[in-house]
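Structure first, commentary second.
Please treat every number below as a calculation from the coordinates, not as lab data. Bear in mind that the values here come from a model prediction, so they are computed numbers and not experimental data. Here Cβ is always computed from backbone atoms with ideal geometry, including for glycine, and neighbour counts include all displayed protein chains.
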Amino acid sequence: MRELNITTREEGQRLDKILSKYLNKAPKSFVYKMLRKKNIKLNGKKATGNEKLSQGDQVCIYLAEDTINKFREEVKAGKQKIKLDVLYEDENVIMVNKPWGILSQKSKPEDISINDQIIPYAVNQGLISEKELQVVKPSICNRLDRNTTGIIICGISIEGLQTMAEMLKHRDMGKYYLCIVKGKLERTQKVSAYLKKDEKTNKVKVSKQEIAGASHIETAYEPVISNDEFTLLKVELITGKTHQIRAHLASIGHPLIGDFKYGDKKINQEMKQRFGLKDQLLHCTEVVFPRDMKTCRNLSGKKIQAPLPKRFDMIKNDLFGRA
């Protein structure tokens, strides 16, 4: 028999979700069967699995140790393979400044990603224990492309994971990026269009007119510095679709420098020769939270900022001067 005592870190989860994490090799049908047969009880009573858990709840799993071991693989923190540049942390959320070339989530088992590295960091810092990892898995809440830098938000508790997911879904936080684009832009603007992804090429197409299978997108931008050739833009990502900033700005004639997927070939070649630039200069620089947050209250009214990477800063200073 195993006993799970629910703490503030796990509360808010549904019973079936926490059981699927604990018995992580068991099919869902097995979990529901055990609930029906009363081999799993909540606070000593029969449960369906739909119940939302609260602090102090007790989940008892009346199964033989051999059966539990068969359907369960213990989650380990793993080793810290890269040093994380942590911008903010509390008991619910960690925010890191993702460097160039690192994945948000791994695509192959041997990959190193922020999503994997946040777990050993949280354990080493005492923010979560290995025992708690069995029912709560810290993970990233937003993703950045491999060659995009800046702020990644990670939930390390159920409250953190659920709150950040809801805020991102309903656009309740402000997300701002810096990029350098072709051409001179002088006015703050908000633009909208339609975006459709081609899964085969991993590229997106942006259209002013609505097309079948496309999503509506909105992007706002504010010129920070400009000259006759280039503009440093602060971009607000209002809707968050794949490659949105890169493709949307390219569609209005102002592609990001270094962007070999959506950019200007002549300018990209010049940037490659001049700076060794082989990818887009795009950096998630700022996340702003509302003042009246009901959960994750430590973040109420906070503005989290990530400094520019050295390479981005060097190119900016070369193109625009240090003003």
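In deg cm²/dmol and to the nearest 500, what is the mean residue ellipticity at 222 nm of the chain if only DSSP H runs of at least 4 residues count, each as -39500 (n - 2.57), divided by the residue total?
Values: 8 runs with 76 residues, N = 323.
Mean residue ellipticity at 222 nm (helix-derived): -7000 deg cm²/dmol.
Compute, for the chain, the length of the dipole vector about the Cα centre, with Cβ point charges of +1 (Lys, Arg) and -1 (Asp, Glu) only. Units Debye, rounded to 20. Walk me through the numbers on the way to the answer.
Details: 59 positive and 40 negative charges, 180 e Å.
Dipole about the Cα centre, nearest 20: 860 debye.
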Quiz item: At 4 °C and 1.567 mPa s, what whole-number value in µm²/s does Stokes-Einstein give for the translational diffusion of region 1-146, with Rh from the Kirkwood sum over Cα pairs?
Solution: 77 µm²/s
Quiz item: Rule-of-thumb check for region 174-320: C-alpha Rg over 2.2 N^0.38 Å?
Solution: 1.11
Quiz item: Using the eigenvalues of the Cα gyration tensor, what equivalent ellipsoid semi-axes result for the chain when each is taken as the square root of five times the eigenvalue, whole Å, largest first?
Solution: 44, 20, 19
Quiz item: Residues with amide H under 5 Å of Gly183's amide H, sequence separation 5 or more or different chain, H placed in the peptide plane at 1.01 Å from N; which?
Solution: Phe230, Thr231
Quiz prompt | Residue exposure sequence - Val181, Val31 - by fewest surrounding Cβ within 10 Å | solution = Val31, Val181
Quiz item: Which order do peptides 137-145, 267-275, 77-85 fall in by mean Cβ count within 10 Å, highest first?
Solution: 137-145, 267-275, 77-85
Quiz item: Roughly what angle does helix 158-169 make with the longest principal axis of the chain, taking Cα atoms, 0 to 90 degrees, to the nearest 10?
Solution: 40 degrees
Exercise. Take peptides 288-295, 46-53 and line them up by average Cβ neighbours within 10 Å, highest first, as a rough protection proxy.
Key: 46-53, 288-295
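Of Lys81/Lys205; Lys17/Lys46; Lys197/Lys316, which sit over 27 Å apart, Cα to Cα?
On the way: Lys81/Lys205 37 Å; Lys17/Lys46 16 Å; Lys197/Lys316 31 Å.
Going by Cα-Cα distance, Lys81/Lys205; Lys197/Lys316 fall outside the 27 Å limit.
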Quiz item: Where does helix 310-320 land angle-wise versus the long Cα axis of the chain, in degrees 0 to 90, nearest 10?
Solution: 20 degrees
Quiz prompt | Cβ-based charge dipole, the chain, positive-most Cα from Val123, Ser54, Leu84 | solution = Ser54
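Sorted by packing (mean other beta-carbon atoms within 10 Å per residue), highest first, where do 86-92, 125-131, 106-112 land?
On the way: 86-92: 17.1, 125-131: 13.4, 106-112: 9.3.
Descending mean neighbour count gives 86-92, 125-131, 106-112.
Give, rounded to the nearest 20 debye, the magnitude of the charge dipole that region 180-323 has about its Cα centre when Lys and Arg contribute +1 at Cβ and Asp and Glu contribute -1 at Cβ. Present the calculation step by step, with values, prior to reporting the outcome.
Working: 28 positive and 17 negative charges, 67 e Å.
The dipole magnitude comes to about 320 debye.
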